[in-house]
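Q: Right, I'll just put the structure down here and ask away after.
The values are calculated or read from the model by the stated rules, or taken from the named source; none is laboratory data. These numbers come from a predicted model, not from an experiment. For the accessible areas, the whole protein counts, side chains as well, though only heavy atoms, and no ligand, DNA or RNA atoms are used. Shrake-Rupley method; radii C 1.70, N 1.55, O 1.52, S 1.80 Å.
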Amino acid sequence: MKKSIIGFLLCILFCAFFLPLFTLAQEVQKQQVEIPQQEEHEKIIPSPQDIKESTGIFVFIGWIWLVIFILIYILRLKIKEVDRLYQIKYFSSKED
Amino acid sequence: MTIKDLVSGWRTWLEARSDLSSIEQFLRKKTVPQHKHSIWYYTGSAILLFFTIQVITGFMLVFYYKPTLEEANQSVAQIMTEIPLGWIIRSVHTWSAFFMIAIVFIHLLSIWITKAYRKPRELTWMSGVFLLFVTLGFGFTGYLLPWDDLSLSATKVGTDIPRSIPVVGAWVTKFLRGGDDVTGDTLTRFFGFHVCILPVLIFVLLAVHVYLIQKHGMSLPLPVELRKEKVKEIPFWPNFVYREMIVWLILVGVLFTVAIFLPPSLDKAADLMAPAPEGIKPEWYFLFLFQLLKIFPAHVLFISGDTIAVILILLGVIFFFFLPLIDNKPARVKGKVIAVIAYVFIVFAVAMTVWSLH
């Protein structure tokens with residue numbers, strides 16, 4: 001008797017918890033089927049759309065190269081300095 | 001408290017926990033020879049630079065890319081048209097791959113010509129050749145991901161080539177495609193290779209390669225070593241690294257300029273049922289092999305021309321891999337002949353590529 005009551009309660013629990021999930025899954029599936037197919041595009045060649053965008057690109061490239069040249073200038077100075085320190089054995093004398 | 005004190009305090013805190021100064025000392029003691037062939041030393045770190053750019057831009061692209069038959073092409077189109085700066089990210093990813101492959105070829109050829117693979121650096125060379133194959137694998141798998149007509153047809157041709165290998169050929173083709181033909185399964189499989197298997201392989205191989213370079217140091221040119229000349233050396237840190245930084249900056253500038261002015265286009269989604277379009281070509285780094293396969297006659301005596309071509313390519317790969325063991329006496333006549341083969345290979349690859357383009 002007890003076993004049948006437990007079985008009955010388990011069935012109710014199963015229905016209460018899992019059936020809504022099945023229904024939800026079915027709804028999601030339905031929604032996915034209903035999503036309209038996106039239109040197929042032709043060949044895409046990325047390029048600036050207007051004068052503002054193309055100016056922006058040129059400015060961006062200009063900035064990149066300006067920063068690169070400044071950094072190279074600083075690095076060249078740093079190289080001169082570290083080479084000089086190496087020649088006078090600055091770091092090896094520091095270790096001693 | 002000034003910023004200087006703050007930085008100094010932070011450094012002391014970090015130093016107490018990580019002993020960073022020992023790494024700095026190690027890098028200071030590591031030296032790099034300076035001679036007329038030193039320029040080739042910069043190619044190794046340039047490859048690492050482009051690999052890092054690949055990883056960063058790859059992470060950005062993978063947020064939006066969808067590796068399914070229905071969505072792959074559309075998601076790339078979305079990256080290029082709807083995601084802010086998406087087209088630049090994709091372009092930088094593509095161009096840095098081209099630059100990386102080009103520099104990997106230059107790096108290996110420079111080692112071949114200067115014979116830097118000689119004893120005890122045989123394993124360094126072999127790990128480098130593996131890295132070349134993994135890099136080409138990245139290029140091959142990445143080419144299919146936009147899923148347009150050209151990439152589909154080129155992948156069909158590319159995955160069909162191993163079929164000519166005796167005994168295992170058919171199995172290799174089936175394994176690469178995930179079936180008998182190139183389908184959505186191939187796309188998913190290639191995506192898995194591109195973002196999971198190959199990255200793990202490349203990190204392991206890079207670790208081995210860098211460890212071996214650290215262990216054996218930079219190689220000297222053969223004539224200098226034979227003459228036992230005293231060569232000027234500079235510390236790796238910071239003297240050599242600063243010089244490398246200049247090269248990196250120039251390369252990054254060139255990469256961005258090319259990526260912005262010559263972005264890759266995207267064709268409409270591939271149709272599995274459509275006939276192959278005209279002018280199917282792989283990426284430029286496979287063109288010389290593609291042309292070699294094309295010029296072979298259909299049959300030589302009773303053997304298929306494709307089989308002979310594929311066997312020749314495999315023999316070439318084996319020769320390339322075991323080069324340090326074959327060229328075990330680099331100063332002798334055999335060594336000189338092998339150096340000439342390097343130049344012949346360069347001329348052959350360039351000529352075949354140009355022929356294929358026309």
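Q: Interface size between chain A and chain B, please: total buried accessible area, 1.4 Å probe, rounded to the nearest 100 Å². Mind dumping the intermediate values first?
A: On the way: alone 10220 and 20470 Å², together 27910 Å².
When A and B are taken together, about 2800 Å² of accessible area is lost.
Q: Rank B:336, B:230, A:52 by accessible area, highest first, at a 1.4 Å probe radius?
A: Largest to smallest exposure gives the sequence B:230, A:52, B:336.
Q: GNM on chain B, C-alpha springs below 10 Å: top fluctuator among B:34, B:78, B:25?
A: Between B:34, B:78, B:25, it is B:25 that shows the largest mean-square fluctuation.
Q: Also: List, by residue number, every residue in the stretch B:226-243 with a reduction of 40 Å² or greater in accessible area between the chain on its own and the complete protein assembly, 1.4 Å probe.
A: Those are B:239, B:242, B:243, which lose 40 Å² or more relative to the chain on its own.
Q: Can you give the alpha-carbon Rg of the stretch B:155-288 over 2.2 N^0.38 Å, where N counts its residues?
A: Output field value: 1.60.
Q: I'd like the Karplus ³J(HN,Hα) series for the stretch B:121-131: coefficients 6.51, -1.76, 1.60, θ = phi - 60°, whole numbers in Hz, and an x wherever there's a Gly or Pro.
A: Coupling constants for the stretch B:121-131: 9, 4, 5, 4, 4, 5, 5, x, 5, 4, 4 Hz.
Q: Name the most mobile residue of B:20, B:131, B:266, meaning the one with the largest mean-square fluctuation, in a Gaussian network model of chain B with Cα contacts below 10 Å.
A: B:20
Q: Karplus couplings for the stretch B:17-27 from phi (6.51 cos²θ - 1.76 cosθ + 1.60, θ = phi - 60°), rounded to Hz, Gly and Pro as x?
A: Running phi through 6.51 cos²θ - 1.76 cosθ + 1.60 with θ = phi - 60° gives 9, 10, 6, 5, 5, 5, 5, 4, 4, 4, 5 Hz.
Q: What is the count of Lys pairs in the stretch B:130-282 whose alpha carbons sit under 23 Å apart, if the two are 8 or more places apart or on different chains?
A: 8
Q: Continuing with this model, one more query. For the stretch B:206-358, what does the alpha-carbon gyration tensor say about shape, rounded, prolate or oblate, given a ≥ b ≥ c as the root eigenvalues, a/c under 1.5 as rounded, and a/b over b/c as prolate?
A: Oblate, since a/c reaches 1.5 and b/c is not below a/b.
Q: Alpha carbons only, please: Rg and Dmax for the protein assembly as shown, in angstrom.
A: Here Rg and the maximum Cα pair distance are 28.0, 100 Å.
Q: Which of the residue pairs A:78/B:30; A:78/B:329; B:4/B:36; A:89/B:4 have a Cα-Cα distance greater than 30 Å in the structure shown?
A: Over 30 Å apart, Cα to Cα: A:78/B:329; B:4/B:36.
Q: Of the heavy-atom accessible surface of chain B (probe 1.4 angstrom), what whole percent is carbon and sulfur?
A: So the carbon and sulfur contribution to the accessible surface is 72 percent.
Q: Right, next: Indicate the gyration tensor shape class of the stretch B:252-341 (rounded, prolate or oblate), computed on the Cα atoms with a ≥ b ≥ c the square roots of the eigenvalues: a/c under 1.5 is rounded; otherwise a/b larger than b/c is prolate and the rest oblate. Before the final figure, lay out the partial values.
A: Details: a/c = 3.62, a/b = 1.33, b/c = 2.73.
Cα axes put the stretch B:252-341 in the oblate bin.
Q: Let me ask something else. Averaged per residue, what accessible area in Å² does the stretch B:30-269 show with a 1.4 Å probe, protein chains only?
A: Result: 45 Å² of accessible area for each residue.
Q: Pull up all non-local amide H partners of residue B:32: gap of 5 or more, or a different chain, and H-to-H distance under 5 Å with H placed in the peptide plane.
A: B:234, B:236
Q: Given N residues in the stretch B:30-269, what is its alpha carbon radius of gyration divided by 2.2 N^0.38 Å? Can you show the working numbers first?
A: Numbers: Rg = 20.4 Å, N = 240, 2.2 N^0.38 = 17.7 Å.
Ratio of Cα Rg to 2.2 N^0.38 Å: 1.16.
Q: Mean residue ellipticity at 222 nm from the helices of the protein assembly as shown, using -39,500 (n - 2.57) per DSSP H segment of n ≥ 4 over the full residue count, to the nearest 500 deg cm²/dmol? Before the final figure, lay out the partial values.
A: Working: 19 runs with 317 residues, N = 454.
For the protein assembly as shown, the value works out to -23500 deg cm²/dmol.
Q: State the Cα centre-to-centre distance between the stretch B:110-153 and the stretch B:212-251 in whole Å.
A: If you average the Cα positions of each part, the centres end up 23 Å apart.
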